[in-house]
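Visitor: Following this message is one structure expressed as C-alpha cells.
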Amino acid sequence: MRHDENDRERKVSDVKWPVSPASTSQNNIAKEPPSKTALVGVFLLVCVFVIAGVVFFRNITSKIPAVQDRQAEKLEAGIEETNKFGLDEAEGKLGEMFNALKAVFTGAGESVVGIGNVAQEISDLAEDVSFLHENILRIGMQKQGDVLISRLESISDHLRKILDEGDNLDAVAVALGGVISNSTDSPLSLKLELLKSQRLVDSALLWLNSTSSRHMFVMLQNPSEIRPAGGFLGSYADVSINKGNIELVDIRDISDPDKVLMQKTIPPKPLQALVKNWRAADSNWFFDFPQSAATVLRLIESSDLYVNTGTVFDGAIAVSPKVIEDILKIIGPVTLGKKTFTSENFFAEIQKAVQAGQAANSVGRATYPKGILKDLGAAILEKASSLDESDKRGFIDLVLDWIERKDVMVYFKNSDLENFAGEYGVSGAVYELPRDFVGDYIAIVEANIGGGKSDMFVKRDVALDSQISANGTVNNRIAITLDHKGNTSGDWWYKIPSQLYMQLFVPQSSHLVGFSGGVDKKVVSPIDYKKSGYLENPLVLEIESSTEKVFSYPLVEVHKENGKKVFAAWSQINPGEKRQVVFNYTHRLFLQPADDQTYNFVLEKQAGTERKYAVTISAPPGFVFKENNLPMFRYESNDLPGRLIIALTLKKA
C-alpha cells in the first residue's frame, strides 16, 4: 500500500478539538468550564495509541529479519530496514527467533525457493512499522486517524501475504529447530506467532473502524489516597473516538455520575466503614486491574448520567500522576495565571487547588475545582506539540517505563485486545502461578479507608527474610515499617491519621504462624443490606464467602483471591508516629529442593505505591545459589517494577 499526502504533518493549530456539550438533563451536576482541549483527556488518549503502538511495534520489529534473497538489492534493503531496529539487541523468545532467522538466511542465496517474495513483504512491513513507530505520537495528537488505519491495513496485508508463503515458512521453521519452540512442531509455532500478530492488527482495525463512536474511560488515580488498583478515583475523562480520531473529551469529577447512581450495591466489608452504597469512586477495589476496571465501568454505566445517553465504554486506562510529572520533565514548566507547574510541584499544587475548590463549595460558592485539569492539560498539550524529534523519542521511551512500573494500565472489553494487553504487560493483571510452581510469591496491597490524603506522607519500608528448608518448607518474615511524616506538612489533608486495610497476597499453601503491629477495627454494616434490597457483587461475594478469622491471631482475616491466599489486617498511625506490621508464615513448595532446580521469586508491586524493599532469600542447608555461588541471595530496591521475577538456581554445595 502506498502512502502519500495524507501522511504529511499537519499543524496542531489547524486541528479543532471539540469539547463535550453541557448536559441538559442533569441540572443538579456542576459543569466544568469549557476549554479548547485537555491533556488529561486528549493526551491520555494519545497515550492509548502510543502505549498500544510502542508495545506492538517493538514486538513486530523483533520479528522482521534481514532475509537473503536471490536479488542482492532486496537483501541489502532488508538488512538496512532491520538494522534500524537493532535486532541484535532484541529480547525474549521472539527476538531470539528472528535473529536466528536472520542467520539461517545469510548465505542461503538461491537455495531457498521463493524467499524473494517473503523478503519483499518483510521489507514493506518494516517500512510501515517504522513509519508508525516514528510517527505514532504525531498521529494521535494531530487527528490523523485515517493514516493510522491505512498503515494498519497495510501491515495486516503484509502479514497475510507472509503467512501465505506457507511452504517457505515451514522450511524456515525446520531450519530454526528448537529456537522458536520447545516442541517438535516448529513450523506450526512460527505460523502461530505471525497469525497472532495479524489477529491483533485485525482486531484493532475492527475496533477503530466501528460505525459508532468508541468510548474510553480514563481513570485519573490519586495515590495519596491509595486503593488496591492504584489510587482513589477522584476524576476521570470520557474520551470519545471515531475512526481513530478524538471526537469528544469530557473531564469530570467522579461525584457527577455517583450523584445520579440509582443502583444500590453492597460495598466490600472494609469499605462499609466509610460508605453505605458502593459507588464508582470506591470501585477501584481489586488488586487485579482488569477486575477493578470492569467493576468501575459497570457502576459508571449504571449511572443515569450515562444510562440516559446510552453511553457504553469500550475500555479503561488508569493513569498515575507520575505520567504528567514525566511529561513536564520533557517539556519544562507550564504557567497558568500566577501559578507555574513543574514536575516537582505538579501533584501537590493540583491537590491544593482541588482542596481549595472543595472548601469554596462547602460554603456555598459553586466552583468546579477539578476544572484546573482541563486548563493545565490544554497548556501542556500546546507546549508538547512543539517538541523536537529527540524529545518525542524520549517520550516514547517513557511509555515503556510507565508500563513497566504500572503508572499506566489498560483494560479492554474486547477479548483479543485485552489478551494483547495481558501478554505484553499493559493490563495490570495479577500474576497467575503455574500449577507446578516452585518458588515464592508476594504482593503487599493497601487500601486507605478514612485516612484522607495521608499516603503522600507515609514512608514505607519492607524487609523480607525467607528461608528455604530441606523438606521444601519456606519460612517467611515480612516486616512493613510505616512512618507517618504528615506532621511535617503545612497542609491539613496530609496530617490526617493513616488508616490502612493491609492485604498480603501469598501462595495458597501458606499458613500464618505469627503477626504483630495491627489494630483491632470492627466494621459494622450501616444497614441491613438484604432487607434494603441492595445488589451483591459476584467478586466481592466470592471473596467474602472464603473469608475467615485466624483463630490464633484474631486481628487477621484470611481469604482467597486471584488464586492466592490473602492475609488481611488493619493498621492505624498518627502523624509523627512509626509502626511496624509483621507477618510470619510458611508454605510448601511443589517439589523438594534439588540440584539444578529453578526457584522463582515473584514480587508484584501495587500500582501507585513507593516502597523500599530489602529481600533476603536463604538456600536450603547444603545448597548455594548458582547465580552468586552463595547460600544467600539479597535484593534491594526503592524503584520496583510492576512485576519482579528473580529466577535462582539451586546448586549442591
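None of the figures in this text is laboratory data; all of them are computed from the coordinates on show. Given the structure is predicted, the values throughout are model-derived calculations rather than measurements. Glycine gets a Cβ as well: all are built from the backbone with ideal geometry, and neighbour counts include every protein chain shown.
Visitor: Sort 214-226, 520-532, 234-246 by the packing proxy (mean of other Cβ within 10 Å over each peptide's residues), most packed first. Intermediate results must be reported in sequence, preceding the final value.
Guide: Details: 214-226: 23.9, 520-532: 11.2, 234-246: 21.8.
The most tightly packed comes first, giving 214-226, 234-246, 520-532.
Visitor: Now for a separate question. Which residues' amide hydrogens lie under 5 Å from the amide hydrogen of Asp440, considering only partners 5 or more residues apart or on another chain, with H built in the peptide plane?
Guide: The answer is Asn600, Phe601, Val602.
Visitor: When a/c is below 1.5 the answer is rounded, else prolate if a/b is larger than b/c, else oblate, so apply that to the stretch 403-522 with a ≥ b ≥ c taken from the square roots of the Cα gyration tensor eigenvalues.
Guide: Cα axes put the stretch 403-522 in the oblate bin.
Visitor: What is the distance in Å between the Cα centroid of the stretch 525-542 and that of the stretch 628-653?
Guide: If we compute the Cα centre of each part, the gap is 44 Å.
Visitor: Using a Förster distance of 35 angstrom, determine the FRET efficiency expected from the C-beta separation of Arg298 and Glu165, and round it to 0.05. If you can, show how the numbers build up before the last one.
Guide: Working: r = 45 Å, r/R0 = 1.29.
FRET efficiency, Arg298 to Glu165: 0.20.
Visitor: Go through 442-450, 348-356 and give me the packing order, highest mean Cβ count within 10 Å leading. Present the calculation step by step, with values, prior to reporting the outcome.
Guide: Numbers: 442-450: 22.6, 348-356: 17.1.
Packing proxy ranking, top to bottom: 442-450, 348-356.
Visitor: What fraction, in whole percent, of alpha-carbon pairs in the stretch 522-653 exceed 18 Å separation? Before the final figure, lay out the partial values.
Guide: Details: 6234 of 8646 pairs.
Counting every Cα pair in the stretch 522-653, those more than 18 Å apart make up 72 percent.
Visitor: Roughly how many whole Å is it from the C-alpha centroid of the stretch 212-282 to that of the stretch 395-440?
Guide: What the calculation gives is 21 Å, centre to centre.
Visitor: By per-residue mean of other Cβ atoms within 10 Å, what is the highest-first order of 567-573, 196-202, 640-646?
Guide: Most protected by this proxy first, the peptides run 567-573, 196-202, 640-646.
Visitor: Give me the one-decimal nm value for the distance between modelled label points at Lys352 and Asp461, 7 Å along each residue's Cα-to-Cβ direction.
Guide: The modelled label-to-label distance comes out at 3.1 nm.
Visitor: For the stretch 230-338, with the dipole built from +1 on Lys and Arg beta-carbon atoms and -1 on Asp and Glu ones, taken about the Cα centre, which of Ile300, Ala281, Pro267 lies farthest toward the positive end?
Guide: The listed residue farthest towards the positive side: Pro267.
Visitor: Structure shown: which of Lys276/Lys352; Lys549/Lys652; Lys413/Lys495; Lys322/Lys651; Lys522/Lys578 lie over 30 Å apart, alpha-carbon to alpha-carbon?
Guide: The answer is Lys549/Lys652; Lys413/Lys495; Lys322/Lys651.
Visitor: Another one. Under 5 Å between amide H atoms, partner at least 5 residues away or on a different chain: which partners does Val430 have, H built in plane at 1.01 Å?
Guide: Under 5 Å from the amide H of Val430: Phe289.
Visitor: Got a sec to turn the phi values of the stretch 626-636 into Karplus ³J(HN,Hα) couplings, 6.51 cos²θ - 1.76 cosθ + 1.60 with θ = phi - 60°, whole Hz, x for Gly and Pro?
Guide: 4, 5, 10, 6, 10, x, 9, 10, 10, 9, 9
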